[in-house]
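Just below is one structure, and these are the notes that go with it.
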Amino acid sequence: MTTVQEPIDATSTAGTKPPLTLLLAAPRGFCAGVDRAIQIVEQALARYGPPVYVRHEIVHNRYVVENLERKGAIFVEELDEIPDTKAPVIFSAHGVPKRVPEEAAERNLFYLDATCPLVTKVHIEAARLHEAGHEILLIGHAGHPEVIGTMGQLPQGAITLIESAEDARRISPRGGAGAKLALITQTTLSVDDTAEIIAILRARFPHIVVPAKEDICYATTNRQAAVKAIAPRADCVIVVGAANSSNSLRLVEVAERAGCPRALLVARASEIDWKALEGVRTVGITAGASAPEALVEEIIEAFAARFDAHVETVATARESLVFKLPRPLREACARPAESS
């Protein structure tokens, strides 16, 4: 773990504002899957021009979605909201049920799949386990788009959802005591909660097939580890992210469990309750995997306007992973643009 102190420019005279230390977690913010998904929309707009249709929010962040809308992206929840068109149709980073690309193909829609490759890996594993005759248990949150997409890879009833340790204690395999069980997980879960659930399932079903490494993605794991490093030192931890972002919600939980007396989820600086922060001396800041760095900078500036603040970056890991764009888009971008 490394820490770096960074000065903040303050507009008013030093000493007239209360002192504050900002602990900036690293890694934070965009992961490789989110960055790839946003690039797919931006490159499609640049190559084909607007409109570009996107099924579901490309990532769970309104700031990102609204920026893309201004550039010509149109967001829908289902394909039946899209007219017959030759414009690109993009599937979100969370993944989609198998029926969605099938429907797109039936309508001859030109679609680009922005599903995070780590989510695709879970889909492939689920199909492989099902073909091998396993009854599949999925650790995840009901109603989350990623869970809907993963369960939608297989026939209805082929996957049983496990949401909690209590579910793990109560689950009764359809195949009885001799059932061939296998486990997969949503990629954006709490590392600690998932470990507890897996331990319960392993104790109950010693022969259950568990991935060599849980499906929780590297970015989720790294961001939670960084929060654990700053939380014990902070009077409050602010998580920049959306209320419907699973990985952002997990960061709030991790901060509280790691010893921070208060953790807040905010979409941007305008949502901060400054009265609730009176008397704080140290504030931790992080961002969910779908929150852009611009929103973190906005919050740092808001603190600098009210406090005599300095930033201390606390780094627990370095990330360099980059995912390729879908082949049809790479090939299209490599060709010379057609003259009008």
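Values in this text are rule-based calculations from the coordinates and carry no lab data. Note that the structure is predicted; figures quoted are calculated from it, not measured. Glycine gets a Cβ as well: all are built from the backbone with ideal geometry, and neighbour counts include every protein chain shown.
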Phi angles of region 55-62, converted by Karplus (6.51 cos²θ - 1.76 cosθ + 1.60, θ = phi - 60°) into ³J(HN,Hα) in whole Hz with x for Gly and Pro, give 7, 6, 4, 4, 9, 7, 7, 5
Karplus ³J(HN,Hα) for region 142-151 (6.51 cos²θ - 1.76 cosθ + 1.60, θ = phi - 60°; Hz, whole; x = Gly/Pro) runs 4, x, 6, x, 5, 5, 4, x, 5, 5
Rounded to the nearest 5, the percent of antiparallel DSSP beta bridges in the chain equals 15 percent
Taking a crude spin-label model, label points 7 Å out from Cα along the C-beta direction, the E78 to K275 distance in nm is 4.4 nm
Most fluctuating of A158, A317, A203 in the GNM of the chain (C-alpha, under 10 Å) is A203
If exposed means GluC sites (Glu not before Pro) lying in a DSSP loop and surrounded by at most 13 other beta carbons within 10 Å, then the longest stretch of the chain lacking such sites spans residues 79-277
Note to self, the chain gives a 222 nm [θ] from helices alone (DSSP H runs n ≥ 4, -39500 (n - 2.57) apiece, / all residues, nearest 500) of -11000 deg cm²/dmol
Expressed as a whole-number percentage, the relative contact order of region 23-88 with C-alpha contacts under 8 angstrom and at least six residues apart is 34 percent
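Based on the alpha-carbon gyration tensor of region 118-204 and its eigenvalue square roots a ≥ b ≥ c, which shape applies: rounded if a/c is under 1.5, prolate if not and a/b is larger than b/c, or oblate?
Working: a/c = 1.63, a/b = 1.04, b/c = 1.56.
Note, shape of region 118-204 comes out oblate.
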For the chain, averaging the sequence separation of alpha carbon pairs under 8 Å that lie six or more residues apart and dividing by its residue count, the contact order in percent is 29 percent
The ³J(HN,Hα) series, computed from each phi in region 236-241 with the Karplus coefficients 6.51, -1.76 and 1.60 at θ = phi - 60°, rounded to the nearest Hz and given as x for glycine or proline, is 7, 10, 9, 9, 8, x
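Over 18 Å between C-alpha atoms is what I'm after, so list which of K121/K213; K17/K275; K98/K324 land there.
With Cα atoms farther than 18 Å apart: K98/K324.
With charges only on Cβ, +1 for K and R and -1 for D and E, what is the dipole size of the chain about its Cα centre, in debye, rounded to 20?
740 debye
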Largest fluctuation, P206, P326, P145 only, Gaussian network model of the chain with Cα springs under 10 angstrom, belongs to P206
Counting only residues 5 or more apart in sequence or on a different chain, those whose built amide H sits under 5 Å from that of V52 are A73, I74
